[in-house]
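The values are calculated or read from the model by the stated rules, or taken from the named source; none is laboratory data. Not measured: the values here are computed from a predicted model. Because the Cβ atoms are built from the backbone with ideal geometry, glycine has one as well, and the counts that use them run over all protein chains shown. For the accessible areas, the whole protein counts, side chains as well, though only heavy atoms, and no ligand, DNA or RNA atoms are used. Shrake-Rupley method; radii C 1.70, N 1.55, O 1.52, S 1.80 Å.
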Amino acid sequence: MAHEEWLERAEIYGLSALDGDELIQFEAHLAAGCPVCEGHVRETRESLAVLARSLAPLTPPQQVKAETASSD
């Protein structure tokens, strides 16, 4: 597999969105000690954390809260 494909998977892995064989293969790649992919995963997760902290929290409308409560 070309390393560009590993980097694409690193971004998806950073989102916790890899599964199945792709997850197994990528985690094996990380376990083999690829510093480039390890760094890319770390940067992706850090970027997501910064993004999440930069957004103002939103309060859902009462209707959404009521619909959620009634579906439980």
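Element breakdown for the chain at a 1.4 angstrom probe: carbon and sulfur atoms account for 56% of the accessible area.
With the convex hull of its Cα atoms as the shape, region 10-72 has an orientation-averaged projected area of 6.4 nm². The residues of the chain present an accessible area of 76 Å² per residue when probed at 1.4 Å with all protein chains retained. Simple point charges give the picture: +1 on the Cβ of Lys and Arg, -1 on the Cβ of Asp and Glu, and for the chain a dipole about the Cα centre of about 460 debye.
Phi angles across region 13-23 convert, under the Karplus curve 6.51 cos²θ - 1.76 cosθ + 1.60 with θ = phi - 60°, into 3J(HN,Hα) values of 4, x, 8, 6, 10, 7, 8, x, 4, 4, 5 Hz, Gly and Pro given as x.
The sum of -39500 (n - 2.57) across all DSSP H runs of n ≥ 4, divided by the residue count of the chain, sets its helix-only mean residue ellipticity at 222 nm to -24000 deg cm²/dmol.
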